[in-house]
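Visitor: Dropping a structure here in structure tokens format, bear with me for questions.
Bear in mind that the values in this text are calculations on the coordinates, not laboratory data. In this text, all values refer to a predicted model and were calculated from it rather than measured experimentally. For neighbour counting, all protein chains shown are included, and Cβ atoms are generated from backbone atoms with ideal geometry for every residue, glycine included.
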């Protein structure tokens, strides 16, 4: 008969409460999502050899890169930047909650 590992068992094995284990799991999840979003944004910028969104926009405006699909990619990159801000806000909230509990 196979014993099922529960979150309670995992938490105890690491000296955590189940809530703290869950909070740390969510933080790890958000960091991974942030890494993925940042990678996508950097891939778009690299595609046009741009250092920033502003640089990409300037290259489009000056005709250094083709408008299509560069404008669409710029919009995607701007949306990814917004998503990074959202993820940072979530992480900040969760880290503050953890600091409030430990301090």
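Visitor: Take residue 99 and tell me if it is under 30 Å from residue 24 (Cβ atoms) and without any contact (Cβ under 8 Å) to a residue 60 or more places away in the chain.
Guide: Values: under 30 Å from residue 24 (Cβ atoms): yes; without any contact (Cβ under 8 Å) to a residue 60 or more places away in the chain: yes.
Here the answer is yes, as residue 99 does meet what is asked.
Visitor: Identify all residues within the range 47-65 that are within 23 Å of the chain's Cα centre (by Cα), farther than 15 Å from residue 81 by Cα and part of a helix (DSSP H, G or I); write none if there are none.
Guide: 47
Visitor: Determine the pairs where a residue that is under 14 Å from residue 98 (Cβ atoms), located within the range 7-20, has a partner that is in a loop (DSSP other than H, G, I, E, B) with Cβ atoms under 8 Å apart, the partner being 6 or more residues away or on another chain.
Guide: none
Visitor: What number of residues within the range 58-80 are touching a residue at least 12 places away in the same chain (Cβ under 8 Å) and either under 28 Å from residue 92 (Cβ atoms) or loosely packed, with under 15 Cβ neighbours inside 10 Å (or both)? Give the derivation first.
Guide: Within the range 58-80, the subset touching a residue at least 12 places away in the same chain (Cβ under 8 Å) is 60, 65, 70, 73-74, 76-78, 80.
Now narrow it down to the ones that are either under 28 Å from residue 92 (Cβ atoms) or loosely packed, with under 15 Cβ neighbours inside 10 Å (or both): 74, 76-78, 80.
Counting residues in the range 58-80 that are touching a residue at least 12 places away in the same chain (Cβ under 8 Å) and either under 28 Å from residue 92 (Cβ atoms) or loosely packed, with under 15 Cβ neighbours inside 10 Å (or both) gives 5.
Visitor: Would you tally the residues in the range 1-19 being part of a helix (DSSP H, G or I) and touching a helix residue (DSSP H, G or I) at 6+ places or on another chain (Cβ under 7 Å)? Break it down stepwise before answering.
Guide: Here is the first cut: in the range 1-19, the residues part of a helix (DSSP H, G or I) are 7-13, 18-19.
Still in the running and touching a helix residue (DSSP H, G or I) at 6+ places or on another chain (Cβ under 7 Å): 7-8, 10-11, 18.
Adding up the residues that qualify gives 5.
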